[in-house]
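Colleague: I am attaching a structure below and will ask some questions about it afterwards.
The values are calculated or read from the model by the stated rules, or taken from the named source; none is laboratory data. Just so you know, these numbers come straight off a predicted model, no measurement behind them. Backbone-built Cβ (ideal geometry, glycine too); neighbour counts: all protein chains shown. For accessibility, only protein heavy atoms count, side chains too; no ligands or nucleic acids. Shrake-Rupley method; radii C 1.70, N 1.55, O 1.52, S 1.80 Å.
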Amino acid sequence: MATMFLKLTCLRRENCGDLLARPHYPSMPKYPKGVAGDVKGTEVKAMFSVEGMTCSACAGSVEKAIKRLPGILEAVVDVLNNRAQVLFYPSSLVNEETIRETIEDAGFQATLIEDEINERSSQVCRIQINGIRCTSCCCTAEIVLQAIHGVQRIQVALETEEAEVYYDPKILNYNHLLEAMEDIGFQTMLVSAGEDVSKIDLKVDGLGAGHSMQIIENSLQTLPGVQVIEIDPELDKVSISYKPSMTGPRKFIKAIESAGSENFKALVYPQGEEKESHRQDEIKQYRSTFLWSLVFTIPVFLISMVFMYIPIINCQLDTKVVNMLNVGEVLKWMLSTPVQFIIGRRFYTGSYKALRRGSANMDVLIALGTNAAYFYSAYSVLRAAGSPDFEGTDFFETSSMLISIILLGKYLEVMAKGKTSEAIAKLMDLGPETAILLTLDDYGNILSEEEIDSRLVQKNDVIKILPGAKVASDGLIIWGASHVNESMITGEAIPVKKGVGDPVIGGTLNENGVLHIKATRVGSDSALSHIVRLIESAQLAKAPVQKFADTISKYFVPLVIILSFSTWLTWFLAGVFHGYPKSWIPHSMDSFQLALQFGISVMVIACPCALGLATPTAVMVGTGVGASQGVLIKGGQALESAHKVNCVIFDKTGTLTIGKPVVVKTTLLKSMVLQDFYELIAATEMNSEHPLAKAIVEYAKKIREDEEDPVWPEARAFESITGYGVKATVRNKEIIIGNKSLILDQNIAIPVDGELMLAETETMAQTGILVSIDREVTGILAISDPLKPSACEVISILKSMKVRSIMVTGDNWGTANSIAKEIGIETVIAEAKPEEKAEKVKELQVHLCTLQPLFSQDLVSCESCFQSL
C-alpha cells in the first residue's frame with residue numbers, strides 16, 4: 001500500500017493553486033463592455049517570474065487569470081521554471097504592472113524579468129544620415145520615420161548626423177528605414193543593426209542601503225552609454241543596462257571600486273546563483289520536514305503494524321486507560337497529532353488559498369483524506385474512552401503515513417525539477433572561463449597582455465586565443481591563421497581553416513596556431529546565448545498533448561472528490577443492505593469503517609500533478625539533454641511529432657564516422673625502408689595544419705614508437721598548395737605529397753600499379769595520397785575516417801522501425817557508396833555542396849513519397865551535420 005502511495009503521490013508545493021471550470025478572482029478588475037475589443041497597437045512580450053506553482057492546475061489558474069485581461073494575445077505558463085510569458089497590446093487598462101498584479105491576485109508572487117524575454121519584440125538600429133544641416137532637418141527625419149508602422153521610438157542627433165531607431169522586427173526591417181530617408185532626399189548608411197543594449201549583473205561586496213547605493217549609482221551614471229541602473233541591496237546585486245559600443249563591464253567594476261571611500265569590491269554576478277540558492281533552500285526545507293515527520297510516523301507505524309505481533313509489547317499496549325481506551329491508541333493519537341497539524345500545516349494553507357480562489361487542488365485532496373482518517377480515529381478513541389463495551393478501529397497510521405509519504409514525494413520532486421535545467425547550464429559552460437586581453441597601440445603593436453574573466457570581454461576588445469584554447473567570444477580574426485573545431489555549432493567534425501578576416505564563434509576550439517580576434521558580439525548577443533534562448537523558448541512552448549492534459553487536470557480534483565464520496569456511499573449502502581459477504585469485513589471493522597477506508601484511498605491516491613508535470617518534464621529533459629549533445633530540438637511539438645518520422649538524413653563525416661582521419665594502409669612502389677619513407681613525409685607534413693597532414697604525422701610517430709617525441713629532419717622551401725597537397729625539400733630530396741591532380745600537374749607519371757591502388761582505395765571508402773620523391777611516385781597512403789562503432793547498430797534499429805536512412809556527403813561517389821554499403825544505407829547523395837543544404841532537405845521533404853527519381857548523381861545536397869534533424 002505504501003508503495004502505491006509513493007508512486008501516485010501528488011508532488012505539490014504548499015501554496016499551489018488548481019483551477020475549476022468557473023474560478024473566482026476576488027480582486028480581478030471589471031472592464032466596460034467592448035474595451036477588450038478596442039485594445040490595439042504594437043504588441044509587446046513580457047516575461048514574469050511566478051513563485052508558488054508546481055502543478056499544471058496552478059499554471060492553469062495563472063494562465064486563465066491573465067487571459068481575462070483585455071488586449072492579451074497569448075499567455076504561456078512554464079510550471080517547471082516558474083515563468084509566465086505574455087504577449088499583449090499595451091494600453092491604459094493593461095500593462096506589465098497590471099499583469100503582475102493579476103497574477104498576485106490569483107495567489108502567486110510575480111516579478112517582471114524583462115532581460116529574460118526569449119524573443120525580442122524590439123530592435124534598435126543606427127543610421128548615418130548625410131545632409132542633415134539644422135534642427136528642421138532633424139524634425140523632418142523624425143516625423144518621416146515615426147510615421148512608419150512598426151517604429152516605436154526614434155532619436156536623431158544633429159551633431160553626429162545619426163538616427164537611433166527602435167522598431168519591431170516582426171513588422172519591418174532596417175531597409176524600410178533607409179528607403180524612407182532616401183525618398184525625402186537624404187543619403188543614408190547603416191551603422192549597426194539589431195539589439196544595441198546589453199545587460200550585466202554585478203555582485204558588489206560592501207553594498208548597503210541608502211548612502212552606499214547612492215554613491216554607486218552616481219558613479220555609474222557618469223559613464224557614457226549607461227541606460228538603466230537597478231540595485232538590490234539584499235542580494236548585493238547591481239544590474240546595469242548599457243550600450244556595448246560605448247562602455248562595458250570592466251569600466252563598471254572600475255567605477256564601483258573607485259567610488260567613495262567604502263572599499264567596494266565588484267565582480268560579475270555568478271550565473272544562476274540566485275535560482276540555485278532558492279532551489280537548495282527549498283530542497284533543505286522539504287528534507288527537514290520529511291525527516292521530522294518520520295520521527296513521529298515510524299513509532300505510529302510500529303505500534304500499528306509490528307508491535308501487535310510481539311506478545312510482551314502488545315500486552316503493554318493493550319493495557320486499558322479508561323474503559324476500552326488502551327495505551328496504544330493514546331500513543332498513536334499523541335504521535336500523529338503533530339504530523340497532522342504542525343508538519344502537515346502546509347496542506348491546510350494550500351487548501352485554504354485554493355478554495356479562496358474558488359478552485360480545488362491536490363492539497364484539498366490530501367487535507368480531506370487525512371482529516372477524514374484522523375478525525376474518525378479521534379472519534380473512535382473518544383467513544384472507546386466513554387464506553388465500557390465499544391471496541392473501535394483507528395486510522396492514525398493512515399493519516400501520518402500519508403503525510404510522510406507525500407512529503408517524501410515532494411522532496412524527490414524538487415530535486416528532480418532542479419536537474420531538468422542542468423543541461424542548459426552546461427551549455428553556457430561551453431565557453432571558456434578566462435580570456436587573454438591584448439592592449440594595442442595605434443600601430444597595432446602589443447603593449448600588454450592580461451588574463452580576465454571571459455564575461456568581462458567588451459565589444460571591440462582584442463583577444464588572444466592560444467592553440468588548444470576555446471574562443472572567448474564571437475569575433476573577427478585580425479591576425480594569425482589556424483584550424484578551428486566548430487562542431488559544437490555546425491556538427492562538422494573536421495576543423496575549419498581560418499585566417500585574417502574570417503569570423504569565429506565563442507566556445508569553439510582553436511586547434512593550432514595563435515589567433516588575435518576582435519570581439520564583435522559579447523554577452524547576451526553571442527551565438528551561444530542565442531542557442532540557449534532558443535532552447536529555453538522551446539521548453540516554454542506547450543506540446544499538443546500537454547494542452548490536452550492541462551484541460552483534463554482542471555476538472556480532475558472535483559471529479560476525484562465526487563468519485564471518493566461515491567465510493568464510500570456505494571460500499572456503505574452495500575454493507576447496510578448486505579450486498580457483499582460479511583467475511584469481507586475484517587473482524588476489527590464494521591461496514592462503515594470499510595467503506596470509509598475505500599473512500600479515503602480513492603481520494604489520496606489520485607494526483608492531478610502527474611498529468612500536468614509529465615509532459616513539460618519530458619520536454620525539458622529531452623530538449624536539455626539534446627542541446628548538451630549538439631542536437632537542437634524546437635520544443636514539445638517536435639518531440640511529439642518524432643514518432644511520425646519515416647526518413648532520417650545522415651551526414652557522413654563526424655556523424656556516421658568518427659571525424660578523425662587515420663592512416664590505414666601504406667603501399668611502397670619503390671624499394672625503400674618504411675621508417676625512412678615516413679621520416680621524409682613526416683618532416684614535410686609537420687609544416688602543414690591540414691587534418692590529413694596531422695593524421696600522417698601521428699602515424700609516423702607510431703612507426704618510430706621507440707622514441708616518445710621524435711625529431712624530424714628540417715624541411716626547406718615548404719609550399720602548401722591549397723586543395724591539392726604540399727611540397728618541400730628534405731635531405732636534398734624533393735618531396736611532393738598530395739592527390740592525383742597535384743602529381744599530374746607536376747608532370748610526374750603515375751605507374752599502373754599506382755592507378756590500380758588509387759582505384760582500390762576509393763572503392764574501400766578511403767582517400768589515396770600519393771608521395772613523390774625526386775619526381776618518382778614512391779608510395780601511396782590510404783587514409784580513412786573510421787565508422788563510429790554504433791553507426792551500424794543505429795541504421796539497423798531504424799530499419800526495424802521501418803524508417804528509411806539517407807546518407808549525404810561531399811566525398812566522391814565511390815567512397816560514399818562503399819561507406820553506405822558497409823553500414824546498410826541504400827540511398828546516397830554524394831559530391832554535395834554545403835551551401836545547398838537547406839534547399840535540398842526541403843526538396844526531400846516535399847518529394848519523400850517519390851524519393852527514387854530524386855537520387856541521381858546530378859543532385860547535390862549538404863555535407864554539414866544532419867543529426868539536429
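Colleague: Just the residues that are among the small types (Gly, Ala, Ser), open to solvent by less than 20 Å² (accessible area, probe 1.4 Å) and farther than 30 Å from Ala728 by Cα, please, taken from segment 766-798.
Modeller: Ala791, the sole residue that qualifies.
Colleague: Look at segment 458-492 and say how many of its residues are open to solvent by less than 10 Å² (accessible area, probe 1.4 Å), among the hydrophobic types (A, V, I, L, M, F, W, C) and within 24 Å of the chain's Cα centre (by Cα).
Modeller: Qualifying residue count, segment 458-492: 1.
Colleague: When only residues in segment 510-548 that are β-branched (Val, Ile, Thr) and not in a helix (DSSP H, G or I) count, which is modelled with the highest pLDDT? Break it down into steps so the answer makes sense when it comes.
Modeller: Pass one, segment 510-548, residues β-branched (Val, Ile, Thr): 514, 517, 520, 522, 531-532, 535, 545.
From the residues that got through so far, the ones that are not in a helix (DSSP H, G or I) too are 514, 517, 520, 522.
Numbers: Val514: 87, Ile517: 93, Thr520: 87, Val522: 82.
It comes out as Ile517.
Colleague: Another one. Go through segment 717-757 and give me each residue that's free of Cβ contacts under 8 Å to residues at least 12 places away in the same chain and of a type outside the set (A, V, I, L, M).
Modeller: Result: Glu719, Thr722, Gly723, Asn732, Asn747, Glu755.
Colleague: So in segment 573-586, with the set limited to residues that are open to solvent by less than 60 Å² (accessible area, probe 1.4 Å) and not small (Gly, Ala, Ser), which one is farthest from the chain's Cα centre (by Cα)?
Modeller: For segment 573-586, the residue satisfying everything is Tyr580.
Colleague: Of the residues His149, His176, only one is in a loop (DSSP other than H, G, I, E, B) and at pLDDT 80 or above; which? So that I can check it myself, show each step before the final result.
Modeller: Details: His176 fails: in a loop (DSSP other than H, G, I, E, B).
Just one listed residue meets the conditions, His149.
Colleague: For segment 187-242, which residues satisfy the criterion of being under 15 Å from Glu164 (Cβ atoms), open to solvent by 30 Å² or more (accessible area, probe 1.4 Å), assigned to a loop (DSSP other than H, G, I, E, B) and modelled with pLDDT under 80?
Modeller: Of everything in segment 187-242, those that are under 15 Å from Glu164 (Cβ atoms), open to solvent by 30 Å² or more (accessible area, probe 1.4 Å), assigned to a loop (DSSP other than H, G, I, E, B) and modelled with pLDDT under 80 turn out to be Ala193, Glu195, Val197.
Colleague: Just the residues that are farther than 21 Å from Glu511 by Cα, part of a loop (DSSP other than H, G, I, E, B) and open to solvent by 80 Å² or more (accessible area, probe 1.4 Å), please, taken from segment 691-723.
Modeller: Within segment 691-723, Glu705, Asp706, Glu708, Val711, Glu714 meet the criteria.
Colleague: If you don't mind, another one. So, in segment 442-452, how many residues would count as being open to solvent by less than 70 Å² (accessible area, probe 1.4 Å) and either under 14 Å from Gly507 (Cα atoms) or at pLDDT below 85 (or both)? Can you show your working first?
Modeller: Kept after step one, since they are open to solvent by less than 70 Å² (accessible area, probe 1.4 Å), are these residues of segment 442-452: 444, 448, 452.
Those left that are additionally either under 14 Å from Gly507 (Cα atoms) or at pLDDT below 85 (or both): 444.
Adding up the residues that qualify gives 1.
Colleague: Would you tally the residues in segment 374-394 being open to solvent by 10 Å² or more (accessible area, probe 1.4 Å), more than 13 Å from Phe592 (Cα to Cα) and either part of a loop (DSSP other than H, G, I, E, B) or of a type in the set (Val, Ile, Thr) (or both)?
Modeller: Number satisfying all stated conditions: 5.
Colleague: When you scan segment 549-568, do you find a residue that is aromatic (Phe, Trp, Tyr) and at pLDDT below 85, even just one?
Modeller: From segment 549-568, those aromatic (Phe, Trp, Tyr) are 555-556, 565, 568; that's our starting set.
Next, from what is left, pick out any that are at pLDDT below 85: 555-556.
Scanning segment 549-568 turns up at least one residue that is aromatic (Phe, Trp, Tyr) and at pLDDT below 85.
Colleague: Turning to a different aspect of this structure: Any residue at all in segment 776-792 that is among the small types (Gly, Ala, Ser), assigned to a loop (DSSP other than H, G, I, E, B) and in contact (Cβ under 8 Å) with a residue 40 or more places away in the chain?
Modeller: From segment 776-792, those among the small types (Gly, Ala, Ser) are 779, 782, 784, 790-791; that's our starting set.
Okay, now just the ones that are also assigned to a loop (DSSP other than H, G, I, E, B), so 790.
If we keep only those that are in contact (Cβ under 8 Å) with a residue 40 or more places away in the chain too, we end up with none.
No, segment 776-792 contains no residue that is among the small types (Gly, Ala, Ser), assigned to a loop (DSSP other than H, G, I, E, B) and in contact (Cβ under 8 Å) with a residue 40 or more places away in the chain.
Colleague: Can you tell me which residues in segment 296-334 are open to solvent by less than 50 Å² (accessible area, probe 1.4 Å) and not in a helix (DSSP H, G or I)?
Modeller: Met324, Leu325, Asn326
Colleague: Restricting the search to segment 408-441, which residues are at pLDDT 80 or above and either assigned to a helix (DSSP H, G or I) or over 25 Å from the mean Cα position of the chain (by Cα) (or both)? Write out each step before concluding.
Modeller: Going through segment 408-441, the residues at pLDDT 80 or above turn out to be 408, 411, 432-441.
Scanning segment 408-441 gives Leu408, Tyr411, Ile436, Leu437, Leu438, Thr439, Leu440, Asp441.
Colleague: With respect to the numbered conditions (1) out of contact with any Pro (no Cβ under 9 Å at 6 or more places or on another chain); (2) within 24 Å of Arg346 (Cα to Cα); (3) of a type outside the set (Phe, Trp, Tyr), which one is the sole condition not fulfilled by Lys67?
Modeller: Here Lys67 clears every test but (2).
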